[in-house]
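Q: Here it is, the structure, as structure tokens.
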Amino acid sequence: MAQAKLKTDTKPDSYKNYIGGRWVKPASGGMMENLNPADTRDVVGLFPASTAEDVDAAVNAAVEAFPKWKATPAPKRAEILYKLGQILIERKERFAQDMTREMGKVLKETRGDVQEAIDMTFYTAGEGRRLHGYTTPSELPDKMAMCVRQPIGVSALITPWNFPMAIPSWKMMPALICGNTLVIKPAEDTPLSTINLVKAAEEAGVPPGVINIVMGVGEQAGAPLTAHPGVRLVSFTGSTDTGRIVATKAAQTDKICSLEMGGKNVIMVMEDADLDLAAEGAVWGAFGTSGQRCTAASRIVVHKRVYKKFVEKLTERTKPLRIGNGLNKNVEVGPVINQDAVEKILYYIGVGKDKDGATLHLGGNRLDKGEYRNGYFIEPTIFTDVAPRMRIAQEEIFGPVLSVIPCRDLDEAIEIGNSVKYGLSASIYTRDVNRAFTAMEAMNTGIFYVNSSTIGAEVHLPFGGTKATGNGHREGAMASSLDIFSEWKAIYVDYSGKLQKAQIDEFKIAGS
Ligand code: ADP
């Protein structure tokens, strides 16, 4: 098997923040190492460990650039996005390679991640010639009423490491098309993919100061950004715990705040389901991206009549999964992101075995020998005989750990499915249309699939969830992203030439 090329003998590349159209070193001079999670001897690069001073400079640049960008006609802003989309297409392969190297997921998936950014960029560019508002009748004569979307100002985008180009693009493109300027703070583990996106945007002609990138750890670079008085909007994707901190900070200076947080997603397998299809979907949902998607299927609720057979099929498909460095073509499951993730996942495997009392059916170990010795690899792990209230069935593990829970019927499956604090994605495998529709209506989630896994959102549909997954916003689908990144302005034009008073003046209907 071809091994991924290591750069151990060369000096790692050093990267800078992008502020006001210039690539600049962080004020403190501090840098962070970004390591390849499949082989930590491979240093992807050195990235700025920014602090409040850098954040301040970036926000000031964005404040300064705002009036001109706001005044740029939306169709002209869109032309830049079309160019950007084209550049992303040309660089797709290189960006995917960079992403696998810094994040770990396999190439097939990182190509998908870049593709999602391409899709989002073109999709949003089309909006440059729409950005529709509407007109509506006034209750008074000789008066016109309408409303238009207006940009909000400086947007702070705080993004996680699991979709290092797709998620920044979900936020960046709608922010730009609406006429906002922005500062993005990518996750500390995956800054390179966001730099690739920002450099492509620079090349496409986004003017200086419109996009700024500040890298660094959450508390040092993210926190001052959420607190900065120059920022009007914070759009965050990450864990529920951090999201709450961000929302609290944002509220103190009256910022608009959109949060996209955790999930504990469920696949329900009914006794009439195509079990092969369901097992295939379960494996993809649970172990794709090593389970590190907010939409990952971490619970499978299976009708007891097909439970045994389904577990057999699931096991047959999971056992041969090839784990390794995602840059190698035949690898299907890459590493997890870092040492903290390894520890958290192993902790939950311990809880499942020793405290919850579930059956550890498959996997459960860290791989640290041979080709795995320098990486963060964990075996795809299946727990069976899981009860819905066990911690492994309730808490987000964010790793390749799947809980299989037996159920009696659809009603119980729905009850179990809804019994967690999150509400992102759910799915049902059944051939019965009545059951499919019943579950579709009953599941309290933002995303629902029939005869498909819990993952695979498309950019033109709303993405987000209920309960602790979010705070009511949706990304993706144009109308909902525009609602995050623009504010409505209601406009009344009175051409009667006299003072007319809404709710007070009486209008006489002619002839009455
Ligand atoms: P995860 O647990 O998935 O690593 P987090 O929710 O901690 O994710 O991080 C998501 C993003 O939020 C990252 O860019 C991270 O640096 C940032 N972040 C972490 N802590 C804070 C904070 N206190 N304020 C603002 N941003 C933060």
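The values are calculated or read from the model by the stated rules, or taken from the named source; none is laboratory data. These numbers were taken from a predicted model, which means no experiment stands behind them. Quick reminder, even Gly has a Cβ in these numbers, built from the backbone with ideal geometry, and neighbours come from all protein chains shown. SASA here: full protein model, heavy atoms, side chains in, ligands and nucleic acids out. Shrake-Rupley method; radii C 1.70, N 1.55, O 1.52, S 1.80 Å.
Q: All but one of (1) assigned to a helix (DSSP H, G or I); (2) open to solvent by 70 Å² or more (accessible area, probe 1.4 Å) hold for ARG41, so report the exception by its number.
A: (1)
Q: If ARG299 satisfies all but one of (1) in the same structural domain as SER419 (by TED's automatic domain parsing); (2) buried (at least 24 other Cβ atoms within 10 Å of the Cβ); (3) under 21 Å from the mean Cα position of the chain (by Cα); (4) part of a helix (DSSP H, G or I), what's the number of the condition it fails?
A: Going through (1) in the same structural domain as SER419 (by TED's automatic domain parsing); (2) buried (at least 24 other Cβ atoms within 10 Å of the Cβ); (3) under 21 Å from the mean Cα position of the chain (by Cα); (4) part of a helix (DSSP H, G or I) one by one, ARG299 breaks only (4).
Q: Could you tell me which numbered condition LYS143 fails, if it satisfies all but one of (1) open to solvent by 30 Å² or more (accessible area, probe 1.4 Å); (2) out of contact with any Asp or Glu (no Cβ under 6 Å at 6 or more places or on another chain)?
A: Of everything listed in (1) open to solvent by 30 Å² or more (accessible area, probe 1.4 Å); (2) out of contact with any Asp or Glu (no Cβ under 6 Å at 6 or more places or on another chain), LYS143 misses just condition (2).
Q: Could you check how many residues of the stretch 114-161 are more than 16 Å from the ligand (Cβ to nearest atom) and farther than 24 Å from TRP69 by Cβ?
A: Total satisfying the criteria: 15.
Q: Filter the stretch 118-140 down to residues that are open to solvent by 60 Å² or more (accessible area, probe 1.4 Å) and of a type in the set (A, V, I, L, M), then give me how many there are.
A: Of the residues in the stretch 118-140, the ones open to solvent by 60 Å² or more (accessible area, probe 1.4 Å) are 119, 122-123, 129-130, 132, 134-137, 139.
Checking the rest, the ones that are also of a type in the set (A, V, I, L, M) come to none.
The qualifying residues number 0.
Q: Taking the stretch 463-512 only, how many residues are assigned to a loop (DSSP other than H, G, I, E, B), touching a Phe, Trp or Tyr at 6+ places or on another chain (Cβ under 8 Å) and open to solvent by 20 Å² or more (accessible area, probe 1.4 Å)? Steps first, please.
A: Taking the stretch 463-512 first, the residues assigned to a loop (DSSP other than H, G, I, E, B) are 464-465, 468-469, 471-474, 477, 495-512.
From the residues that got through so far, the ones that are touching a Phe, Trp or Tyr at 6+ places or on another chain (Cβ under 8 Å) too are 465, 468-469, 474, 477.
Still in the list and also open to solvent by 20 Å² or more (accessible area, probe 1.4 Å): 474.
Looking only at that region, the number is 1.
A quick yes/no check of all residues on (1) within 16 Å of the ligand (Cβ to nearest atom); (2) open to solvent by 50 Å² or more (accessible area, probe 1.4 Å); (3) assigned to a loop (DSSP other than H, G, I, E, B):
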site	(1), (2), (3)
GLU316	no, yes, no
GLU343	yes, yes, no
TYR348	yes, no, no
GLY352	no, no, no
LEU360	no, yes, no
GLY364	no, no, yes
ALA393	no, no, no
ILE397	yes, no, yes
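Q: Something else: Let me confirm something: among TYR429, TYR422, which residue is out of contact with any Leu (no Cβ under 9 Å at 6 or more places or on another chain) and buried (at least 22 other Cβ atoms within 10 Å of the Cβ)?
A: Result of the check over TYR429, TYR422: TYR422.
Q: Go through the stretch 224-261 and give me each residue that's within 9 Å of the ligand (Cβ to nearest atom), within 17 Å of the chain's Cα centre (by Cα) and not aromatic (Phe, Trp, Tyr).
A: VAL234, THR237, GLY238, SER239, THR240, ASP241, THR242, GLY243, VAL246, MET261, listed by residue number.
Q: If I ask for residues that are under 30 Å from THR121 (Cβ atoms) and of a type in the set (Val, Ile, Thr), which ones from the stretch 475-512 would you list?
A: Of everything in the stretch 475-512, just one residue is under 30 Å from THR121 (Cβ atoms) and of a type in the set (Val, Ile, Thr), namely ILE484.
Q: Something else now. Could you figure out which of (1) within 14 Å of the ligand (Cβ to nearest atom); (2) touching a residue at least 60 places away in the same chain (Cβ under 8 Å); (3) among the β-branched types (Val, Ile, Thr) isn't true of ILE184?
A: Among (1) within 14 Å of the ligand (Cβ to nearest atom); (2) touching a residue at least 60 places away in the same chain (Cβ under 8 Å); (3) among the β-branched types (Val, Ile, Thr), the lone unmet condition for ILE184 is (2).
Q: Do you know which residues across the stretch 169-192 are under 14 Å from the mean Cα position of the chain (by Cα) and polar (S, T, N, Q)?
A: SER169, THR190
Q: Follow-up question, since we're still on this one. So the check is Cβ under 6 Å with 6+ separation or different chains; which pairs have a first residue in the stretch 218-229 that's over 14 Å from PRO48 (Cα atoms) and assigned by TED's automatic domain parsing to the domain that holds GLN252 and a second one that's open to solvent by 30 Å² or more (accessible area, probe 1.4 Å) and within 9 Å of the ligand (Cβ to nearest atom)?
A: Partner pairs satisfying both residue conditions: THR226/LYS249; ALA227/LYS249.
Q: Restricting the search to the stretch 318-341, which residues are open to solvent by 80 Å² or more (accessible area, probe 1.4 Å), without any contact (Cβ under 8 Å) to a residue 12 or more places away in the chain and outside any helix (DSSP H, G or I)?
A: Matches in the stretch 318-341: PRO320 only.
Q: Can you tell me how many residues within the stretch 207-218 are open to solvent by 10 Å² or more (accessible area, probe 1.4 Å) and closer than 20 Å to ILE167 by Cα?
A: Residues flagged as open to solvent by 10 Å² or more (accessible area, probe 1.4 Å) and closer than 20 Å to ILE167 by Cα within the stretch 207-218 amount to 2.
Q: Would the stretch 267-287 turn up any residue that is within 16 Å of the ligand (Cβ to nearest atom) and touching a residue at least 24 places away in the same chain (Cβ under 8 Å)?
A: Taking the stretch 267-287 as the starting set, the residues that turn out to be within 16 Å of the ligand (Cβ to nearest atom) are none.
The answer is no; no qualifying residue exists.
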